Amino acid sequence: MSAGIIGGNVLALGVFTVTVDPSSCAANTTVVTEASVPGVKTGDVVFLNKPSHETGLGVVNCRVVSADTIEVTFMNTTGSGIDEASETWYGLWARADGTARTNVAI
C-alpha cells in the first residue's frame, strides 16, 4: 500500500467479526472485557463497531493485548449498573510495516 498522509505505511488490513460479551459495568465506572480475534498481533491498531445502542454505555478503547486477543474498555455514565448482552461486532485491524513516524505533531 502507499505511504499514509500522516506517516508510515500500512502493511495489512483485515475485517473481522467477534462476539463481545461485556462484563457488568457498575455505575459511573469502566470495565474491561477480552475477546478472541484470531490473527491480530500486538502492535496492531483495532477499530470496533458496536451494533446496538445502550444509553449511558460507551466504548472508550480497544487494543490488542496479546496475539489473537483484544481488550475492549466500556464506560458507564449512568447512576446504575449496566449488564449489556452479548453481541456480534464488526471490526477492522491495521498493521504498520514498521516505518511509522514518531512524534508527529497534530
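Each reported figure results from applying straightforward, stated rules to the coordinates on display, with no laboratory input. Owing to the predicted nature of the structure, the values given are computational and were not obtained by experimental measurement. Neighbour counts are summed over all protein chains in view; Cβ atoms, including those assigned to glycine, are modelled from backbone coordinates with ideal geometry.
Under a Cβ-Cβ cut-off of 11 Å, what is the net charge of the residues other than Asn76 that fall near it, where Lys and Arg count +1 and Asp and Glu count -1?
Residues close to Asn76 contribute a combined charge of -3.
Post the alpha-carbon centroid distance, segment 15-43 to segment 50-72, in whole angstrom.
5 Å
Kindly identify segment 20-96 as rounded, prolate or oblate by the Cα gyration tensor criterion: order the square roots of the eigenvalues as a ≥ b ≥ c, call it rounded if a/c is under 1.5, otherwise compare a/b with b/c, prolate if a/b is larger, else oblate.
prolate
Taking the Cα-to-Cβ direction at Phe47 and at Asp83 and moving 7 Å from each Cα, how far apart do the two end points lie in nm?
For Phe47 paired with Asp83, the spin-label model returns 3.4 nm.
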